[in-house]
1. Only one of these conditions is not met by residue 64: (1) under 18 Å from residue 132 (Cβ atoms); (2) without any contact (Cβ under 8 Å) to a residue 60 or more places away in the chain; (3) touching a helix residue (DSSP H, G or I) at 6+ places or on another chain (Cβ under 8 Å). Which number is it?
2. Scan the range 67-105 residue by residue and report those that are in contact with a helix residue (DSSP H, G or I) (Cβ under 6 Å, 6 or more places away or on another chain) and not in a loop (DSSP other than H, G, I, E, B).
3. Could you please find all residues in the range 150-184 being in contact with a strand residue (DSSP E or B) (Cβ under 7 Å, 6 or more places away or on another chain) and assigned to a helix (DSSP H, G or I)?
4. Only one residue in 160, 180, 156 is outside the structural domain of residue 75 (by TED's automatic domain parsing), closer than 17 Å to residue 204 by Cα, surrounded by 12 or more Cβ atoms within 10 Å (Cβ to Cβ) and within 21 Å of the chain's Cα centre (by Cα). Which one?
5. How many residues does the range 31-40 hold that are surrounded by 15 or more Cβ atoms within 10 Å (Cβ to Cβ) and part of a loop (DSSP other than H, G, I, E, B)?
6. Looking at this structure, is residue 33 under 20 Å from residue 133 (Cβ atoms) and at pLDDT 90 or above?
7. Considering only the range 185-200, state which residues are under 21 Å from residue 130 (Cβ atoms) and in a strand (DSSP E or B).
8. What is the residue count in the range 45-55 for residues that are surrounded by fewer than 17 Cβ atoms within 10 Å (Cβ to Cβ) and either modelled with pLDDT of 95 or more or in a loop (DSSP other than H, G, I, E, B) (or both)?
């Protein structure tokens with residue numbers, strides 16, 4: 001596991017540099033433990049990114065601050081829009097102003113991921129962490145995708161929530177239903193909802209009208225008739241026999257073209 005081979009590197013980067021704060025003892029203790037062998041609210045597919053999510057979950061569980069860590073992910077998502085390309089490789093997570101409000105557990109995890117060259121997988125870590133928390137709280141989160149801010153698309157959000165409620169009711173789930181609003185700039189109008197592995201969409205994307213004829217104006221089934229070209233044959237018995245044979249094939253082809261096969 002990559003976590004084992006990089007422990008010294010990650011811990012050195014966190015603790016030895018004067019620019020960095022010393023990690024909290026509880027995080028260091030959890031990091032050195034076999035936390036991934038502990039029990040979790042639900043099973044997930046094992047992967048390198050899931051180990052980071054398991055660490056974050058156990059860190060949040062010990063202090064009951066799941067909501068704070070969930071908010072951290074939103075903060076990071078908003079901050080990355082202002083950071084340079086490939087910020088995952090270049091920025092100092094702990095000293096970046098946009099990340100000052102993050103919890104120590106999130107900072108620790110991001111620096112650990114960065115030491116492994118895996119900070120680009122933070123979205124996967126977030127998804128797994130949310131899966132753990134939702135299972136712990138026995139809730140289902142429906143993701144609602146809209147073109148812009150919620151205040152500008154209240155009607156779309158209302159319709160999407162109704163669709164999510166129908167999906168939730170049809171599944172006869174005993175878990176509570178919650179909603180998460182996601183802005184999708186690929187949408188020009190409409191909405192989409194993702195709930196309990198089902199997806200429903202009324203969204204339309206951006207497109208440019210063609211300056212030429214519309215597709216409905218072109219009938220691609222009405223092709224001009226092919227004008228056959230008469231082949232000139234040499235005057236001998238062999239070519240005469242071959243000519244008659246090929247003429248017969250051409251006749252069959254013409255009949256198929258008119259009457260079908």
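The values are calculated or read from the model by the stated rules, or taken from the named source; none is laboratory data. All values derive from a computational prediction rather than experimental measurement. For neighbour counting, all protein chains shown are included, and Cβ atoms are generated from backbone atoms with ideal geometry for every residue, glycine included.
1. Unmet condition: (3).
2. 69, 72, 73, 79, 88, 98, 105
3. 150, 156, 157, 160, 161, 163, 164, 165, 167, 168
4. One residue alone meets the criteria, 160.
5. Looking only at that region, the number is 1.
6. no
7. The answer is 192, 193, 194, 195, 198, 199, 200.
8. Of the residues in that region, 3 qualify.
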